[in-house]
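J.: Handing you this structure, nothing more for now.
The values are calculated or read from the model by the stated rules, or taken from the named source; none is laboratory data. Worth saying up front: this structure is predicted, and the values here are computed from it rather than measured. Cβ placement follows ideal geometry from the backbone for every residue including glycine, while neighbour counts extend to all protein chains displayed. For the accessible areas, the whole protein counts, side chains as well, though only heavy atoms, and no ligand, DNA or RNA atoms are used. Shrake-Rupley method; radii C 1.70, N 1.55, O 1.52, S 1.80 Å.
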Amino acid sequence: MKMWNTFWAWYERTYTLNISIALGLFLLQIIHLVWLTGDVVWSQLFGWSLFTLGNIHELFMVLVDYTEIPALISVSIVYINELRQRTSFKSFLYLSFLNLQWLHLFWISDEFVVTAFNQGGTILPLWIAWLAITIDYL
């Protein structure tokens, strides 16, 4: 219990820094959503991509995609801290939607989504790819 009290006391003291880091990591995910929309979704709906990534850009996209893990953790801590201070349905709802992303990360990867769209599917049905994209937009 003392360890948690120490952590939350530190978190409250450095709240501005912590919220800024969470915001920065979360905003990086916009890059991922632009790629998802312009490459994967657009090509599936209209038959052509708005853009194609080169090797260096794909590497950058992978790095941005991996920042989703610390973004989920840091933003979850923001909502957990809010719930510690007062029970709020809004904070609980946001925390729930945010943590649905773990399904997207560990159950259905972006590679699966691209493979499903570009190669006509995998072992899992195509609707699961659309579910992964929907979760990503949440």
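J.: Which ones in the stretch 55-76 are under 23 Å from residue 134 (Cα atoms) and either aliphatic (A, V, I, L, M) or in contact with a Pro (Cβ under 6 Å, 6 or more places away or on another chain) (or both)?
T.: 61, 62, 63, 64, 69, 71, 72, 73, 75, listed by residue number.
J.: Something else about it: Which residue is farthest from residue 71 (Cα to Cα), if the candidates are limited to the stretch 26-35 and must be open to solvent by 80 Å² or more (accessible area, probe 1.4 Å) and of a type outside the set (Val, Ile, Thr)?
T.: Per the criteria, the residue is 27.
J.: Ok, one more. Can you tell me which residue is farthest from residue 134 (Cα to Cα) among those in the stretch 41-54 that are in contact with a helix residue (DSSP H, G or I) (Cβ under 9 Å, 6 or more places away or on another chain) and open to solvent by less than 60 Å² (accessible area, probe 1.4 Å)?
T.: 53
J.: Among the residues of the stretch 64-72, are any closer than 23 Å to residue 101 by Cβ and among the aromatic types (Phe, Trp, Tyr)?
T.: Checked against the condition, which is being closer than 23 Å to residue 101 by Cβ and among the aromatic types (Phe, Trp, Tyr), the stretch 64-72 yields at least one hit.
J.: Just name the residue that is surrounded by the fewest Cβ atoms within 10 Å (Cβ to Cβ) out of those in the stretch 55-70 that are in contact (Cβ under 8 Å) with a residue 12 or more places away in the chain and among the aliphatic types (A, V, I, L, M).
T.: The residue in question is 69.
J.: Under the condition of being open to solvent by less than 50 Å² (accessible area, probe 1.4 Å) and outside any helix (DSSP H, G or I), which residue from the stretch 78-108 is modelled with the highest pLDDT?
T.: For the stretch 78-108, the residue satisfying everything is 88.
J.: Next up: I'd like to check something: does the stretch 8-25 contain any residue that is among the polar types (S, T, N, Q), open to solvent by 90 Å² or more (accessible area, probe 1.4 Å), within 24 Å of residue 98 (Cβ to Cβ) and out of contact with any Cys (no Cβ under 7 Å at 6 or more places or on another chain)?
T.: Yes, the stretch 8-25 has at least one match.
J.: If you check residue 38 against the conditions, is it assigned to a helix (DSSP H, G or I) and open to solvent by less than 30 Å² (accessible area, probe 1.4 Å)? Talk me through it step by step, then tell me what you get.
T.: On the way: assigned to a helix (DSSP H, G or I): yes; open to solvent by less than 30 Å² (accessible area, probe 1.4 Å): yes.
For residue 38, the condition - assigned to a helix (DSSP H, G or I) and open to solvent by less than 30 Å² (accessible area, probe 1.4 Å) - is met.
J.: Do you know which residues across the stretch 41-57 are of a type in the set (A, V, I, L, M, F, W, C) and part of a helix (DSSP H, G or I)?
T.: 41, 42, 45, 46, 56
J.: Another one. Going by the structure shown, is residue 26 in contact with a helix residue (DSSP H, G or I) (Cβ under 8 Å, 6 or more places away or on another chain) and either closer than 19 Å to residue 130 by Cβ or not in a helix (DSSP H, G or I) (or both)? Walk me through how you get there before you give the answer.
T.: Details: in contact with a helix residue (DSSP H, G or I) (Cβ under 8 Å, 6 or more places away or on another chain): yes; either closer than 19 Å to residue 130 by Cβ or not in a helix (DSSP H, G or I) (or both): no.
Against the criterion (in contact with a helix residue (DSSP H, G or I) (Cβ under 8 Å, 6 or more places away or on another chain) and either closer than 19 Å to residue 130 by Cβ or not in a helix (DSSP H, G or I) (or both)), residue 26 does not qualify.
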